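The values are calculated or read from the model by the stated rules, or taken from the named source; none is laboratory data. From a predicted model like this one, the values you see are computed outputs, not experimental measurements. Cβ coordinates were reconstructed from backbone atoms using ideal geometry, including for glycine residues, and neighbour counts include every protein chain displayed. Note: accessible area is taken over every heavy atom of the protein model, side chains too, but ligands, DNA and RNA are not part of it. Shrake-Rupley method; radii C 1.70, N 1.55, O 1.52, S 1.80 Å.
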Amino acid sequence: MADELVRWKRCWNEASGRRAGGHRRPRAAVSRDGNTAVMKRVLPIAFLAATVALTGCDVIADARPSGPPTATTTPTRNGTELADRYRKAGGDSDVYGIHYAKNNKDVLVLSVWTHKKARYENVDDFANKLASFLIRDGVSITRGYVLNVYGPDGTRLHNLDTTPEHNP
């Protein structure tokens, strides 16, 4: 039985690369072909990284556009119909489009298109009238809202944030 155990231990050591005393066998020196194999793996990755860097690809997901914020100059059909109801309810006659949607934080984002080319003198009054109209229309603004007002050429005239995080 002891002889079988010694043979088994010798076979296990040979298969695992160990010597009989339990020490590992020394590795052979890396040949030039070994270095070439490493280079064959590293070089394509390096070229890919250089290509991405030189082409100007943006890997940042939250890239900001340069210049003034703009939107389309024509609202959707639903936005136009909502603006018609807003004007009939006594809202600003220059408004020709209203769009609203909740963002990922459940905050209402309002986009308003107006024929005005200049900013509103009192945007707070405009925002309050618009918010009261939307509440009567069944829109919830319990978490506040973000209002973006765009002029006829699509340039943003106002950006008002009434969320509790920005108005403690």
Q: Go through segment 116-153 and give me each residue that's open to solvent by 20 Å² or more (accessible area, probe 1.4 Å) and of a type in the set (Val, Ile, Thr).
A: VAL123, ILE135, ILE141, THR142, VAL146
Q.
Taking the criterion of being open to solvent by 50 Å² or more (accessible area, probe 1.4 Å), assigned to a strand (DSSP E or B), within 18 Å of GLY79 (Cα to Cα) and in contact with a helix residue (DSSP H, G or I) (Cβ under 9 Å, 6 or more places away or on another chain), would at least one residue in segment 100-115 satisfy it?
A. yes
Q) Between residues in segment 95-111 that are free of Cβ contacts under 8 Å to residues at least 60 places away in the same chain and among the basic types (Lys, Arg) and residues that are in a strand (DSSP E or B) and surrounded by fewer than 15 Cβ atoms within 10 Å (Cβ to Cβ), which pairs lie under 7 Å by C-beta distance while being six or more apart or on different chains? A) none
Q) Is it fair to say THR76 is open to solvent by 30 Å² or more (accessible area, probe 1.4 Å), of a type in the set (Val, Ile, Thr) and in contact with a strand residue (DSSP E or B) (Cβ under 8 Å, 6 or more places away or on another chain)? A) yes
